[in-house]
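Down below is the structure, laid out as C-alpha cells.
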Amino acid sequence: MTRVLVVEDERDLQEVVGYNLRELGYDVVVSDRGAPVAALALDQRPDLVILDLMLPDISGLEVCRALKSDPATRGIPVVMVTAKGAEVDRVVGFELGADDYVVKPFSVRELLLRIQAVLRRSQTGPNTVPSAPTISFGRLRIDREAPNVQVDDREVTLTALELRLLCTLYERRNRVQSRAVLLDDVWSVSGENATRTVDTHVKRLREKLGPAGAYIETIRGIGYRFVGAPPKQLPP
C-alpha cells in the first residue's frame, strides 16, 4: 500500500487531505509538527511527503533540507504546500529538492492529481530516462543509480530536480525544449509566470557543471537545447 506522510498543522486541512488520500487507497501518516518528520520518515518509510512550510516549531524548508540531505530519505518525493506563492519561494523550494509546489488555497482534486503524478514519476522515472544507468558524454559522466555526476573526474553535487533536468535535456539532445515543456515534464507544473524557474535552475546547473555547462545551449526566445555531440573544445 502506498504510504503518504502528511505534515500539516491546520487540523481541518489535515483531515480533508487525509480523508481523500485514504479514499484513494493510500495509507496516511500525519504529523502536525516538523521536528519529528525525519525520524518518522526513517521509521514509516513513506512513498511521498506532503509538507506544509509554515509549521509551529520549525520551517518546512528545514524539514525538506533534512530529508534531502540524508541518503536514507533523499529519494522520498516531497510535495510542498504553502500560502507563499511568490516565484522566489517556489525557486527556493525546488532548489531544496521539492518535487512539486502547491500554493494555498488549493483544490483538493488538484493536489491529489499532483500527488499521483509525482508518485508515478518516482516509481517509473521520467519518460526521458535512458535504460542504461550510466551516461558518458564528453567530459560529463552521470551515474543515475548512485546517483553521481562528474565533470573531468570532479564530483558535482546536484539536487534531485537538477539531476532530472540534466537527464531530460540530455535524452532530448539536439532538440530544442521550450521552458513550458520543461516545466511540464520535469516539474509537472505549468504557467507562464513560472518559466523563470527553469531559467534559474538552468543557470545554477550550468554553474555547477563548470566547463560541461556549455553542453546546454540557450535558444533565444524559446528555451534550451543539449548539444548533439561533445564540442572538440570547451572552456577550461
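What the table below lists for this structure:
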read-out: Amide proton proximity set for ALA35, modelled H, under 5 Å, gap of 5+; value: ILE58
read-out: Interchain or long-range residues, amide H under 5 Å from VAL156's placed H; value: VAL149, GLN150, VAL151
read-out: Amide proton proximity set for LYS84, modelled H, under 5 Å, gap of 5+; value: LYS104
read-out: Net +/- balance of residues flanking PHE137 in space, Cβ distance below 12 Å, scoring K and R +1, D and E -1; value: +2
read-out: Three-way shape call for the range 33-72 based on the alpha-carbon gyration tensor, with the a/c threshold at 1.5; value: prolate
read-out: Computed [θ] at 222 nm, helices only, for the chain once each DSSP H run of length n ≥ 4 contributes -39500 (n - 2.57); value: -11500 deg cm²/dmol
read-out: Straight-distance crosslink candidates among lysines, where the alpha carbon sits under 27 Å from LYS232 and sequence neighbours closer than 8 are dropped; value: LYS203, LYS208
read-out: Solvent-accessible area of THR134 with every protein chain in place, 1.4 Å probe, in Å² to the nearest 10; value: 80 Å²
read-out: Residue-by-residue Karplus 3J(HN,Hα) for the range 20-35, coefficients 6.51, -1.76, 1.60, Hz, glycine and proline x; value: 5, 5, 5, 4, 7, x, 8, 8, 10, 10, 10, 9, 9, 9, x, 4
read-out: Per residue accessible area of the range 1-121, 1.4 Å probe, in Å²; value: 46 Å²
read-out: Ratio of Rg to Rh over the chain (Cα coordinates, Kirkwood Rh, two decimals); value: 0.98
read-out: Cα gyration tensor category, rounded, prolate or oblate, for the range 1-127 with a/c compared to 1.5; value: rounded
read-out: Longest segment of the chain lacking trypsin sites (Lys or Arg not before Pro) that sit in a DSSP loop with at most 11 other Cβ atoms within 10 Å; value: 1-174
read-out: Whether the range 7-58 is rounded, prolate or oblate, judged on the alpha carbon gyration tensor where a/c under 1.5 counts as rounded; value: oblate
read-out: Positive dipole terminus of the chain, leading residue within THR2, ALA66, GLN150 (C-beta point charges); value: GLN150
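The values are calculated or read from the model by the stated rules, or taken from the named source; none is laboratory data. Since this is a predicted model, take the numbers as computed values, not measurements. A quick note on method: Cβ atoms are made from the backbone with ideal geometry, for glycine too, and the neighbour counts reach across all protein chains shown. Ligands, DNA and RNA are stripped out before the accessible areas are found, and what is left, the full protein with its side chains, is counted by its heavy atoms. Shrake-Rupley method; radii C 1.70, N 1.55, O 1.52, S 1.80 Å.
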